[in-house]
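Novice: One structure, pasted below without further comment.
The values are calculated or read from the model by the stated rules, or taken from the named source; none is laboratory data. Remember, it's a predicted structure, so these values are computed and weren't measured experimentally. Cβ sites come from the backbone with ideal geometry, for glycine too, and all protein chains shown count toward neighbours.
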Amino acid sequence: MRRAARRITAVIAAVALLFLASAAGWTAPITRPLVRAVLTAAAPLYAAGETARALVGDKDGQGDSELERLKVETASLRTLASENDALKQALGYRARTTEKTVLANVVAADFDDAGRVLLIDRGTEDGIAPGQAVILGDGVLLGKTLDVRSQTASVIIVTDSRSATAVSLQGKTDTLGVLEGSRGLSASINLIPAGAAVAPGDTVVTSGLEAGVRRGYPVGVIESVSASSQDAFQSATIAPFAVSRRPLYVLVVVSTLN
């Protein structure tokens, strides 16, 4: 497992170096195919690492070597199954929607106490620009594109502390407020008018107020509402649908119909 971890770390480091070289414009004709080749290799390694992490955890491999080998084989099989299911779901959504989407592989993730950011293998060459909605295969909003380069883009997830998304309640047309991430684990809506009818269990969706993010993407469910008779506003804590997701594929919406 340690060897696999070192391979994944090396690939991610290579992606970062080539990403910087591409951004600086150094030897673009040479770096462009190299970046694409590294990204192609990084996606399956990321997928394998995610499955192995879920199955084995972060334990040091001190057990029986045969048991460890079986765990690795099981992780590989589950990786293939997970990739197949995720790809089918994403392609199914593309077939149903009228929006133009770009299918992207997740090649790296940066999850820490401050927030959550993914790196995908599509960029400006594929029609991607900052601020576009990034969704999962079931249509749930994962986040938005942030830094976009020629062949890569970073995706800031809705629970990231830097994330802000205009939202409404399902079935309503007015914007309820701005959903803000909280240390990568949850999200909240503040400054909700005191007279607004908001209750735990209500489904939160995007409001369509932002360019690039249409109305109606499912975001999460209200967990609790905090209000006071003396306050002009109330706030709500949200459990985002994407909080526990570690996707292998995402869809970037490059054209919307609000």
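Yes or no, residue by residue, for (1) in contact (Cβ under 8 Å) with a residue 40 or more places away in the chain; (2) over 18 Å from Gly212 (Cα atoms):
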| position | (1), (2) |
| --- | --- |
| Val148 | no, no |
| Gln151 | yes, yes |
| Thr159 | yes, yes |
| Leu191 | yes, yes |
| Ala196 | no, yes |
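Novice: Examine segment 232-254 for a residue that is of a type in the set (A, V, I, L, M), within 17 Å of Val167 (Cα to Cα) and free of Cβ contacts under 8 Å to residues at least 24 places away in the same chain, and state whether such a residue exists.
Specialist: no
Novice: Does segment 172-184 contain any residue that is at positive phi, outside the structural domain of Val106 (by TED's automatic domain parsing), in contact (Cβ under 8 Å) with a residue 24 or more places away in the chain and among the charged types (D, E, K, R)?
Specialist: So far as segment 172-184 goes, yes, one or more of its residues are at positive phi, outside the structural domain of Val106 (by TED's automatic domain parsing), in contact (Cβ under 8 Å) with a residue 24 or more places away in the chain and among the charged types (D, E, K, R).
Novice: Can I ask one more? Within segment 96-211, considering only strands (runs of 3 or more DSSP E) that don't extend past its boundaries, which have at least 2 residues that are polar (S, T, N, Q) and in contact with a Gly (Cβ under 9 Å, 6 or more places away or on another chain)?
Specialist: 164-169, 186-193, 203-207
Novice: Moving to a separate point now. Look through Val219, Val205 and report the one residue that is of a type in the set (A, V, I, L, M, F, W, C), closer than 15 Å to Thr159 by Cα, in contact with a Leu (Cβ under 6 Å, 6 or more places away or on another chain) and not assigned by TED's automatic domain parsing to the domain that holds Val117.
Specialist: Among Val219, Val205, only Val219 is of a type in the set (A, V, I, L, M, F, W, C), closer than 15 Å to Thr159 by Cα, in contact with a Leu (Cβ under 6 Å, 6 or more places away or on another chain) and not assigned by TED's automatic domain parsing to the domain that holds Val117.
Novice: Right, here's the next one. Of the numbered conditions (1) at positive phi; (2) in contact (Cβ under 8 Å) with a residue 40 or more places away in the chain, Leu209 fails exactly one; give the number of that condition.
Specialist: (1)
Novice: Can you name the condition, by its number, that Gly137 falls short on among (1) at negative phi; (2) over 12 Å from the mean Cα position of the chain (by Cα)?
Specialist: Condition (2) is where Gly137 drops out.
Novice: If the requirement is being at negative phi and surrounded by fewer than 17 Cβ atoms within 10 Å (Cβ to Cβ), which of these qualifies: Asp112, Asp126?
Specialist: Testing whether each residue is at negative phi and surrounded by fewer than 17 Cβ atoms within 10 Å (Cβ to Cβ) leaves just Asp112.
Novice: So in segment 155-194, with the set limited to residues that are under 19 Å from the mean Cα position of the chain (by Cα), farther than 17 Å from Ser244 by Cβ and among the polar types (S, T, N, Q), which one is surrounded by the fewest Cβ atoms within 10 Å (Cβ to Cβ)?
Specialist: The extreme case among them is Ser161.
Novice: Do we find that Thr152 is of a type in the set (Ser, Thr, Tyr) and buried (at least 18 other Cβ atoms within 10 Å of the Cβ) in this structure?
Specialist: yes
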